[in-house]
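Undergrad: This is the structure I have questions about; it appears just below.
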Amino acid sequence: MSLEAKLEPILEQVQKPARYIGGELGSIIKEPDKVSVRFAFCFPDLYEIGMSHLGMKILYSIKNSREDIWCERVFAPAADMEAQMREHHTPLYGLESLEPIRDFDFIGFSLQYEMCYTTLLNMLDLAGLTVRSADRKNLAPIVMAGGPCACNPEPLADFVDLFVLGEGEEVNLELIDLYRQAKQEGCSKEEYLRRAAGIPGVYVPSLYDVTYREDGTIQAITPKEGAPAKVSKRIIRELDKVPFPKSFVVPFIDIVHDRSMLEVQRGCIRGCRFCQAGFIYRPIRDKSPETLNRDALNLSDTSGYDEVSLTSLSTSDYQGLEELLDNILPWTQERQINIALPSLRIDSCSEKLLAQIAKVRKSGLTFAPEAGSQRLRDAINKNLSEEEILSTCRAAFRNGYTSVKLYFMIGLPTETLEDVAGIADLAQKVVDAFYRLPDKPKGKGVQVTVSVACFVPKPYTPFEFEPQDTPEQLREKQRHLIANVRSRKISVKYHDSQTSVLEAALARGDRRLGPVLESAWRAGSRLDGWGEHFSMERWTQAFADHGLEPGFYAHRRRDYEEVAPWSHLDYGVSRRFLIGENKKAWDSTVTPNCREHCSGCGAAALYLNGEVKPPCSK
Amino acid sequence: MQQVMIPVRMFFSKTGRAKYISHLDTMRTFTRAFRRTHLPLWDTQGFNPHLYMTFPLPLALGVESHREAVDFRLTQELDFGQVAQELVDALPPGFEVVEVAEPVMPASAIAWAEYELRLAYPPMEREAMLFALKELFAKPSIEVIKKSKKGEVLTDIRPHTTLLDCKVDDSGLWMSVGLAAGSTLNISPRLLLEAFEKDTRPADSVKILRTAILDAGRKPFV
């Protein structure tokens, strides 16, 4: 019986069956006997989340553009589907062929956030594979992973055969070609992994020994069998020349970001000290307005989407933005296509830009001051003044916006209760700015939503040395914030502090967390990013079972000299630079952005020996 | 100036993997398919214009169909063959264009729909199931609890149900039924199954296919 027939009775029992059956417009179907490499691209979260991810679309398109490779999509089943699959012994399958992925050559995971780690284990198990790398003896399937969390993949070192550091467009194909050769030669898995470790950007964790001191910190990380002492991340030097999809897989069901997406640039010039993305994607590289206009036209034609999103870490820093909008607005307006600009900075968000966006559709505006006081904004290097925030809000109000969403964090290094109260003060000033405006939108009140996340220290940032606030400290700050809000026009939303502790422990964790992860998963943890699935008790127990505690990883200050679990992985930005930035944070001193002045972070060295000059240099 | 407005009715099939797409998602799928064509489509003329598109008889999740209808409007006269071709190219797999025509009946004319149901049973049980089905339809009334927005109501569906044909086939029991359909009274084939399975064991699997949409005189809805 084919898997498709087996799925019939199952799909009748589950919510949103269209998640599990593929067949969407743009999904790529090939003849299994006409391809030599089968690749399962797994996103360890639900369909709605994974299908919203641009990186997956890019790599899906690049792999499938090769005739000999068939790349399929795989997402984590929701709890009801998982129960049905386990009951009916239905293994995890690719959405294109509906064939079990355990028979594929590669199983590749995208690691976008730490809370997906147990889902990765669960997906391997649902596929019918053993979760530990050492227990999978055959060459195929090779289990690999990439994405931002690969910058400290140590908690997953026991389960994943190899990690891709940095950008995957080129290295994915290199790994596949090496595999085809290894398969022809009849190589063992060990031999393939040894060879793969020779490809720049490929990290094979089993080729490194980690030793620990008595206090639990790392003594040394030692490469063996010829593996490099440092593995450097890969970057695409010329973003304008890298292939970008002409079409997307267009889902039937409503997903989180259901629209055309363009990547206007990679990297960020800002250097906000809390932001991992701002460091691990360096240096900044952009695409030309012509390329982007072409990409937008392609996607709009092939998808039928009524929205194009200009994505990047900070889209208003994109130098070609005005030219791009001049090219793109005439035809998008004619076709009633909305332009979404999800990552605008307050200071560079000009009134002209606001007016241009408002022409298409007025939705709410979202800004991220991150901290309530100027002193703390300086400490985190969020170079943004109160006046810039208020003047942008006034401009937005004049253009008809009446709701503003402000993102903040609590638990930032150097933060005091005064800084926390500053969040409420700033929100109040935004409300006051609305009512003081003579030409404010008529007949409507203003709504200011303050969204407060808990700060999580991440590797490769100047705050990687910092202790995270304990849940008690965070709760006290949350209470302090609420007590300081005095207007009904302000609503405050905040996040659960417990998930933040686990996120912090996993983000800066070492290999000893492998058994913890496995225990938590075996006890039932999966889809930990979803409140209804998360249980801190299960995790606390799993840590205790292995004689560890989350606080060691989350709440401990780390010396500058300590060997970090990720110290053998190189993302371009030097440790010396990060230490300097950390010291400046404690002095509340700012660092200029990359366009104003090069601060010598080290990422430009990723261009050494290349013919292309680093774009961040003048 | 009043815009030209040409009503069009497209008949299409929805089979295979497409049966798992809900009605709401089907609407979104069609909106996007229309946007991928170059057809001069008529938009609603309101404050927030959007594509005019209506489905005279929505199809339930999990049910396949050989003949569904969707109504839309064009702003200029076009050959229906050309319209059909544009839509053939734009629709995702599982949706096939059957016919593009001028609407003759209003959606309110719909009164019946015909379905084929395939119920899988082991060979030993099939004849007994066929007998049970004939017995069910021999009864003067078939009472089931019908769930509606107003709550649960005990309804006699017998007057709104016709057994057109039934037989044992190589997977179990096959039947063709006519059920009341439309906006005032709509009997789902699942409701009939529920009535059948009150006295018999549930089938190993069920396949449902809508074969026709009819008016009160049991003439095809055109």
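The values are calculated or read from the model by the stated rules, or taken from the named source; none is laboratory data. Model, not experiment: these values are computed from the prediction. All Cβ positions, even for glycine, are placed from backbone atoms using ideal geometry, and neighbour counts span all protein chains on display.
Undergrad: Any residue that is away from chain B (no Cβ under 14 Å), acidic (Asp, Glu), farther than 22 Å from B:Gly94 by Cβ and part of a loop (DSSP other than H, G, I, E, B) - is there at least one of those in segment A:21-40?
TA: No, the conditions are met nowhere in segment A:21-40.
Undergrad: State yes or no: is A:Leu120 out of contact with any Asp or Glu (no Cβ under 8 Å at 6 or more places or on another chain), buried (at least 23 other Cβ atoms within 10 Å of the Cβ), aliphatic (A, V, I, L, M) and at pLDDT 95 or above? Please lay out each step first, then the result.
TA: Working: out of contact with any Asp or Glu (no Cβ under 8 Å at 6 or more places or on another chain): yes; buried (at least 23 other Cβ atoms within 10 Å of the Cβ): yes; aliphatic (A, V, I, L, M): yes; at pLDDT 95 or above: yes.
Judged against the criteria, A:Leu120 is a match.
Undergrad: Still on this model: Of the residues that sit in segment B:132-165 and are part of a strand (DSSP E or B), more than 20 Å from the chain's Cα centre (by Cα) and among the hydrophobic types (A, V, I, L, M, F, W, C), which one is surrounded by the most Cβ atoms within 10 Å (Cβ to Cβ)? Please lay out each step first, then the result.
TA: Pass one, segment B:132-165, residues part of a strand (DSSP E or B): B:143-148, B:151-156, B:161-165.
Subsequent filtering for residues that are more than 20 Å from the chain's Cα centre (by Cα) retains B:143-145, B:151-156.
Subset that is among the hydrophobic types (A, V, I, L, M, F, W, C): B:144-145, B:153-154.
Values: B:Val144: 19, B:Ile145: 12, B:Val153: 10, B:Leu154: 8.
Looking at residues that are part of a strand (DSSP E or B), more than 20 Å from the chain's Cα centre (by Cα) and among the hydrophobic types (A, V, I, L, M, F, W, C), I get B:Val144.
Undergrad: For segment A:356-366: of the residues being modelled with pLDDT under 65 and either in a loop (DSSP other than H, G, I, E, B) or loosely packed, with under 15 Cβ neighbours inside 10 Å (or both), which is farthest from the other protein chains (Cβ to nearest Cβ)?
TA: Here the residue is A:Lys359.
Undergrad: Could you tell me which of the residues B:Glu96, B:Glu116 is part of a strand (DSSP E or B) and within 14 Å of chain A (Cβ to nearest Cβ)? Break it down into steps so the answer makes sense when it comes.
TA: Values: B:Glu116 fails: within 14 Å of chain A (Cβ to nearest Cβ).
It is B:Glu96.
Undergrad: Restricting to segment B:144-185, give me the number of residues that are within 24 Å of B:Ala120 (Cα to Cα) and not aromatic (Phe, Trp, Tyr). Spell out how you get there, then give the answer.
TA: Residues of segment B:144-185 within 24 Å of B:Ala120 (Cα to Cα): B:144, B:157-158, B:161-179.
Still in the list and also not aromatic (Phe, Trp, Tyr): B:144, B:157-158, B:161-173, B:175-179.
Residues flagged as within 24 Å of B:Ala120 (Cα to Cα) and not aromatic (Phe, Trp, Tyr) within segment B:144-185 amount to 21.
Undergrad: Against the definition (assigned by TED's automatic domain parsing to the domain that holds A:Leu7, part of a loop (DSSP other than H, G, I, E, B) and free of Cβ contacts under 8 Å to residues at least 60 places away in the same chain), how does A:Thr90 come out, yes or no?
TA: Numbers: assigned by TED's automatic domain parsing to the domain that holds A:Leu7: yes; part of a loop (DSSP other than H, G, I, E, B): yes; free of Cβ contacts under 8 Å to residues at least 60 places away in the same chain: no.
In short, no.
Undergrad: Something else: Just give me the residues in segment A:1-20 being at the interface with chain B (Cβ under 7 Å from one of its Cβ atoms) and either basic (Lys, Arg) or farther than 18 Å from B:Pro93 by Cβ (or both), in sequence order.
TA: From segment A:1-20, those at the interface with chain B (Cβ under 7 Å from one of its Cβ atoms) are A:8-9, A:11-12, A:17-18; that's our starting set.
Selection gives A:Pro9, A:Glu12.
Undergrad: For segment A:502-512, indicate whether the set of residues that are more than 21 Å from the chain's Cα centre (by Cα) and crowded, with 16+ Cβ neighbours inside 10 Å is non-empty. Spell out the reasoning first.
TA: Applying the first criterion (more than 21 Å from the chain's Cα centre (by Cα)) to segment A:502-512 yields A:511-512.
Of the ones still in play, those that are also crowded, with 16+ Cβ neighbours inside 10 Å are A:511-512.
Looking through segment A:502-512, at least one residue is more than 21 Å from the chain's Cα centre (by Cα) and crowded, with 16+ Cβ neighbours inside 10 Å.
Undergrad: While we're here: Given (1) of a type outside the set (Phe, Trp, Tyr); (2) within 25 Å of B:Ile21 (Cβ to Cβ); (3) out of contact with any His (no Cβ under 9 Å at 6 or more places or on another chain); (4) within 14 Å of chain A (Cβ to nearest Cβ), where does B:Ile110 come up short, assuming only one miss?
TA: (4)
Undergrad: Taking A:Ser373 as meeting all but one of (1) free of Cβ contacts under 8 Å to residues at least 12 places away in the same chain; (2) in contact with a Gly (Cβ under 6 Å, 6 or more places away or on another chain); (3) of a type in the set (S, T, N, Q), write down the number of the exception.
TA: It fails just one condition, (1).
Undergrad: State all residues of segment B:19-47 that are among the aromatic types (Phe, Trp, Tyr) and at the interface with another protein chain (Cβ under 10 Å from one of its Cβ atoms); if no residue qualifies, say none. Full working, then the answer.
TA: Taking segment B:19-47 as the starting set, the residues that turn out to be among the aromatic types (Phe, Trp, Tyr) are B:20, B:30, B:34, B:42, B:47.
Correct list: B:Tyr20, B:Phe30, B:Phe34.
Undergrad: Tell me yes or no: at least one residue of segment A:486-509 is closer than 15 Å to A:Val452 by Cα and part of a loop (DSSP other than H, G, I, E, B).
TA: Filtering segment A:486-509 down to residues closer than 15 Å to A:Val452 by Cα leaves A:490-500.
This time we only want the ones that are part of a loop (DSSP other than H, G, I, E, B), so: A:495-496.
Yes, segment A:486-509 contains a residue that is closer than 15 Å to A:Val452 by Cα and part of a loop (DSSP other than H, G, I, E, B).
Undergrad: Which of the residues spanning segment B:202-222 are charged (D, E, K, R) and free of Cβ contacts under 8 Å to residues at least 40 places away in the same chain?
TA: Going through segment B:202-222, the residues charged (D, E, K, R) turn out to be B:204, B:207, B:210, B:215, B:218-219.
The one that is charged (D, E, K, R) and free of Cβ contacts under 8 Å to residues at least 40 places away in the same chain: B:Lys219.
Undergrad: Could you go through segment B:74-85 and let me know if any residue there is more than 30 Å from B:Asp165 (Cβ to Cβ), of a type in the set (Val, Ile, Thr), within 14 Å of chain A (Cβ to nearest Cβ) and not in a helix (DSSP H, G or I).
TA: Kept after step one, since they are more than 30 Å from B:Asp165 (Cβ to Cβ), are these residues of segment B:74-85: B:74-85.
Subsequent filtering for residues that are of a type in the set (Val, Ile, Thr) retains B:75, B:83.
If we keep only those that are within 14 Å of chain A (Cβ to nearest Cβ) as well, we get none.
Within segment B:74-85 (the criterion being more than 30 Å from B:Asp165 (Cβ to Cβ), of a type in the set (Val, Ile, Thr), within 14 Å of chain A (Cβ to nearest Cβ) and not in a helix (DSSP H, G or I)), the answer is no, since none of the residues qualifies.
Undergrad: Moving on. Scan segment A:558-605 for residues that are at positive phi and in contact with a Leu (Cβ under 9 Å, 6 or more places away or on another chain) and report the count. Even if it seems obvious, please write down each step before you answer.
TA: Narrowing segment A:558-605 to residues at positive phi: A:572, A:588, A:600, A:602.
Pick out the ones that are also in contact with a Leu (Cβ under 9 Å, 6 or more places away or on another chain) and you get A:572, A:588.
Qualifying residue count, segment A:558-605: 2.
Undergrad: Just one of A:Gly94, A:Gly108, A:Gly55 is over 21 Å from the mean Cα position of the chain (by Cα), modelled with pLDDT of 95 or more and of a type outside the set (Ser, Thr, Tyr); which is it? Before you say what the answer is, go through the steps one by one.
TA: On the way: A:Gly108 fails: over 21 Å from the mean Cα position of the chain (by Cα); A:Gly55 fails: over 21 Å from the mean Cα position of the chain (by Cα).
After ruling out the rest, the residue left standing is A:Gly94.
Undergrad: Restricting to strands (runs of 3 or more DSSP E) lying wholly in segment A:229-347: which have 2 or more residues that are at pLDDT below 95? Even if it seems obvious, please write down each step before you answer.
TA: On the way: elements: A:260-263, A:307-311, A:338-340.
Output list reads A:307-311, A:338-340.
Undergrad: While we're on this one: So, A:Gly128, is that one within 30 Å of A:Glu464 (Cα to Cα) and in contact with a strand residue (DSSP E or B) (Cβ under 8 Å, 6 or more places away or on another chain) or not? Working first, answer last.
TA: Details: within 30 Å of A:Glu464 (Cα to Cα): no; in contact with a strand residue (DSSP E or B) (Cβ under 8 Å, 6 or more places away or on another chain): yes.
For A:Gly128, the condition - within 30 Å of A:Glu464 (Cα to Cα) and in contact with a strand residue (DSSP E or B) (Cβ under 8 Å, 6 or more places away or on another chain) - is not met.
Undergrad: Restricting the first residue to segment A:457-479 and requiring it to be over 24 Å from A:His568 (Cα atoms), which pairs with a second residue that is assigned to a loop (DSSP other than H, G, I, E, B) and small (Gly, Ala, Ser) meet a Cβ separation below 9 Å and a spacing of at least six or different chains?
TA: A:Asp469/A:Gly411; A:Gln473/A:Gly411; A:Leu474/A:Gly411; A:Lys477/A:Gly411
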